[in-house]
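Let me begin by presenting the structure, written as structure tokens, before commenting on it.
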Amino acid sequence: MAATGKSFAQRWGVHIAVLLIVIVWTVPTLGILVSSLRDKDQIAVSGWWTALTTSSQTGQGRTDAADAQVEQGGRFVISGNLLEEGTALRITAFGTRIQEPTAHEAGTVAELEDGVTLQVNDDGSYVYSSPVAFEGRRGERVFFEASTPPRFTTENYETVLFSEGIGRSFINSLTVTIPATIIPILIAAFAAYALAWMRFPGRAILIAVVIGLLVVPLQMSLIPLLKLYNGVGAFFGVPAKTYLGIWLAHTGFGLPFAIYLLRSYIAGLPREIMESARIDGASDFEIFVKIVLPLSFPVLASFAIFQFLWVWNDLLVAMVFLGSGSSQLVLTGKLNALLGSRGGDWEILTTSAFVTIIVPLIVFFSLQRYFVRGLLAGSVKGG
């Protein structure tokens, strides 16, 4: 009975932990998505969780100057509108002092000094009246509180994709990420099969070297690798900042983990299948292509997720091997530049951030059914 109660508590503990992880991941992502679709004025005055409610904000405007006054019934009147044409704002209260911007409700006539009155309606129209002629070149300053209904728009995405250069950086990131994901998978699959099922001198040393490379810091090898690539490129007349360089760099950094992960899985495949294929006269290449690759799809998909996410979100390697030119700047680099130049424009930053994460989300959810299976398979048996 005690064991059953303990198992029940552990199961609920796991469920609660998973629920907390989902909440911690989902809530910020949802906030970025909602903010990217909101009007920029609403983003500035209220949080994304209020996106479905009417929000309030304060503002100010001026009446027209004295030269716009007309005489009506013995009084001098200036009329106009405090709001821009086409705005969704509705004024709820107004005042003529910054300390009291909501002294009067919209639509009421406010009695000011010396018989002067001011009426501001909810649509922003006003009537400013005085028993004597107005003087001065500037109108009266009016403060107000306005409410606006929820408003969602795709203008932020149009601005980001076509005006801020994100579209070009998006293509650059795809150009870097797709080959940098496919190339190490192809190389690592061949190497993993050789290290798992082929016998040759130095095999154990190669496996030890691969495992040792897993702990080499990326930052330590960046500059030596760049110098080596530049030297070889100069010998063959290849420019320093090219896509080829960053493809090779990501391939080199991803190969140790790829070989380690794929070898652990391939070494756990049934030996009987391999021996039967060899008895039937199949070569190692035929066994690899016709048997190993189809059976290894889960682990290949798992590594593809890891490599794609790492390369897509990379900034350091891209800045070193590709540079920061507008024609080669990747999406993470462009977003980093926007943080410096458009740091106060939350509609631009949130939209750019969601454009950045949408592709990794699609990749992950497309391959997630193979993810856990590929990671766990081969964890018990090994060659």
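The values are calculated or read from the model by the stated rules, or taken from the named source; none is laboratory data. A quick note: this is a predicted structure, and the numbers were derived from the prediction, not measured. Ideal geometry is used to build each Cβ from the backbone, glycine not excepted, and the neighbour counts take in all protein chains shown. SASA here: full protein model, heavy atoms, side chains in, ligands and nucleic acids out. Shrake-Rupley method; radii C 1.70, N 1.55, O 1.52, S 1.80 Å.
So here's what we get for this one:
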read-out: Among residues of segment 279-297, those that are over 43 Å from the mean Cα position of the chain (by Cα) and surrounded by fewer than 13 Cβ atoms within 10 Å (Cβ to Cβ), counted; value: 4
read-out: Subset of segment 196-205 (residues that are of a type in the set (A, V, I, L, M, F, W, C) and either open to solvent by less than 20 Å² (accessible area, probe 1.4 Å) or outside any helix (DSSP H, G or I) (or both)); value: ALA196, MET198, PHE200
read-out: For VAL216: the one exception among (1) aliphatic (A, V, I, L, M); (2) in a loop (DSSP other than H, G, I, E, B); (3) open to solvent by 80 Å² or more (accessible area, probe 1.4 Å); value: (3)
read-out: Wholly within segment 3-81, strands (runs of 3 or more DSSP E) carrying at least 1 residues that are of a type in the set (A, V, I, L, M, F, W, C) and under 30 Å from ALA106 (Cα atoms); value: 70-72, 75-81
read-out: Residues of segment 167-214 that turn out to be more than 29 Å from PRO294 (Cβ to Cβ) and not aliphatic (A, V, I, L, M), as a count; value: 10
read-out: Hits in segment 63-74 (condition: surrounded by 11 or more Cβ atoms within 10 Å (Cβ to Cβ) and more than 15 Å from GLU135 (Cβ to Cβ)); value: GLN72
read-out: Single residue of segment 114-154 satisfying the filter (free of Cβ contacts under 8 Å to residues at least 40 places away in the same chain and of a type outside the set (A, V, I, L, M, F, W, C)) that is nearest to GLN42 (Cα to Cα); value: ASP122
read-out: All positions within segment 227-254 that are within 22 Å of ILE187 (Cβ to Cβ), open to solvent by 50 Å² or more (accessible area, probe 1.4 Å) and outside any helix (DSSP H, G or I); value: VAL238
read-out: Test set (1) in a loop (DSSP other than H, G, I, E, B); (2) closer than 22 Å to VAL116 by Cβ; (3) open to solvent by 80 Å² or more (accessible area, probe 1.4 Å) - GLU84 fails condition number; value: (2)
read-out: Candidates PRO270, PRO224 - the one that is of a type outside the set (A, V, I, L, M) and open to solvent by 60 Å² or more (accessible area, probe 1.4 Å); value: PRO224
read-out: Qualifying positions in segment 14-43 - open to solvent by less than 50 Å² (accessible area, probe 1.4 Å) and modelled with pLDDT under 85; value: ASP39, GLN42, ILE43
